[in-house]
Amino acid sequence: MPIPAKLNKFLSKNKVKFEKVKHKQVFTGLDKAATLRVKPNLIAKTLIMSAFAKATADKRSGKILAMAILASNRNLNKKKFAKASKLKNPDFVTETLIKNRIKGFKVGAIPPFGQMFKMPSFIDRGLLKERNIVVSAGNYETSLKLSPKTMEKLGSIKADFSEVKKIAKPGKKRR
């Protein structure tokens, strides 16, 4: 599938250097890592959060959407995200809200460019340590390989808000 026109225009306008990566249809970052045969920490996932923002001189307080960008093998820690973003009560949004507010892109394949959707974006520091990362390009068969520094230059705020994924071991019951 081609890169959506809105994303193509954004990338061109901002002179973003990237490599288009075609792959089989995948729905998770871990599947993408396995398909592309790369480490999961090189695959970025984009999470859309809703939260309450405090009033500032130029904006009223109220509920906003914000973007969290982190490695596919990490989980978002809501308390750390709230502290790092200075947003109150962050929570994951529903798929319905994503479909209604972010048109032209598949749910689960939202590109990590908050500026394109007029929302603040926060990138986990762990991703910034990598030379190149793979991000979603708006559909399930296409990704972009780029430097994570590019997202920082485009306005993503670096922060610490992820934690290691906790995976239950087979055969052991959780109490």
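List of remarks:
- Top-ranked residue in the stretch 77-88 [being under 19 Å from residue 152 (Cβ atoms) and in contact with a Phe, Trp or Tyr (Cβ under 6 Å, 6 or more places away or on another chain); ranked as surrounded by the fewest Cβ atoms within 10 Å (Cβ to Cβ)]: 80
- The stretch 128-142, residues that are more than 12 Å from residue 111 (Cβ to Cβ) and more than 12 Å from the chain's Cα centre (by Cα): 128, 129, 130, 131, 132, 140, 141
- Of residues in the stretch 133-161 being surrounded by 19 or more Cβ atoms within 10 Å (Cβ to Cβ) and of a type in the set (Gly, Ala, Ser), the one farthest from residue 113 (Cα to Cα): 159
- Highlighted here are the strands (runs of 3 or more DSSP E) found entirely within the stretch 1-76 that include at least 1 residues which are among the aromatic types (Phe, Trp, Tyr), surrounded by 13 or more Cβ atoms within 10 Å (Cβ to Cβ) and touching a Leu at 6+ places or on another chain (Cβ under 7 Å): 44-53.
- The sole residue among 130, 152 that is at pLDDT 95 or above and not in a strand (DSSP E or B) is 130.
The values are calculated or read from the model by the stated rules, or taken from the named source; none is laboratory data. All figures in this text were calculated on a predicted structure; none of them were measured in a lab. In this analysis, Cβ positions are derived from the backbone assuming ideal geometry, glycine residues included, and neighbour counts consider all displayed protein chains.
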